[in-house]
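Only one structure is covered here, and it is reproduced in the block below.
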């Protein structure tokens with residue numbers, strides 16, 4: 001008689017971003033640098049904005065058994081998305097041309113094998129009032145940006161309603177400021193020594209949903225055109241948006 005094998009499947013709610021070919025998005029270097037343009041809504045203090053953005057990125061730096069970190073590199077006066085500048089930027093967008101339903105958008109470019117090469121994060125300063133102090137009537141900046149940085153490192157939305165990467169939010173919500181176990185498991189999958197990429201553009205958006213002031217955190221898809229072919233054999237980066 002053949003021996004019986006017991007297979008135990010562990011369910012998880014986190015998911016990983018993939019490109020159009022099914023390759024998982026991930027960084028191949030560490031830490032990932034970024035700069036911040038803190039010029040935003042008049043009610044926000046510039047120094048406090050810098051602190052909040054740095055704190056939001058840092059939530060992903062200390063996940064146990066994961067080798068990944070963002071690195072704050074200071075202020076910038078840049079105010080638009082641009083892959084060719086080779087700068088990972090976080091900034092407020094006053095001239096918002098996307099849907100007014102979107103709170104923020106993170107553009108993440110990757111090459112064909114899924115390696116992320118750049119990201120820019122735009123915050124909707126035209127249609128929304130932001131708070132850095134947890135005002136219950138406004139959208140909390142850190143709450144949204146921790147989620148956005150999760151997409152910048154390669155994670156998709158989670159089905160765990162308590163997770164930072166869960167796909168909805170609302171004014172006054174603070175729960176996404178701190179990572180849950182499900183978020184950490186996703187990072188460990190991508191960047192631990194036993195994970196697929198630990199040994200070594202896509203676009204995320206925050207979008208208000210219908211009713212009760214609830215907002216959906218969406219990830220949108222977009223094609224990147226107009227880039228010149230590099231001199232090497234690697235494909236040019238592409239950005240995608242997926243809801």
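Ranked for footprinting exposure by Cβ neighbours inside 10 Å, fewest first, 187, 117 give 117, 187. The relative contact order of the stretch 1-127 comes to 29 percent, based on Cα pairs under 8 Å that sit 6 or more residues apart.
By other beta-carbon atoms within 10 Å, ranking 53, 146 with the fewest at the front produces 146, 53.
Going from the residue with the fewest nearby Cβ atoms within 10 Å to the one with the most, 110, 99 rank 99, 110.
Read-outs: derived from the displayed coordinates by stated rules, not from any lab. All figures in this text were calculated on a predicted structure; none of them were measured in a lab. Glycine also receives a Cβ, built like all others from the backbone with ideal geometry; neighbour counts cover every protein chain displayed.
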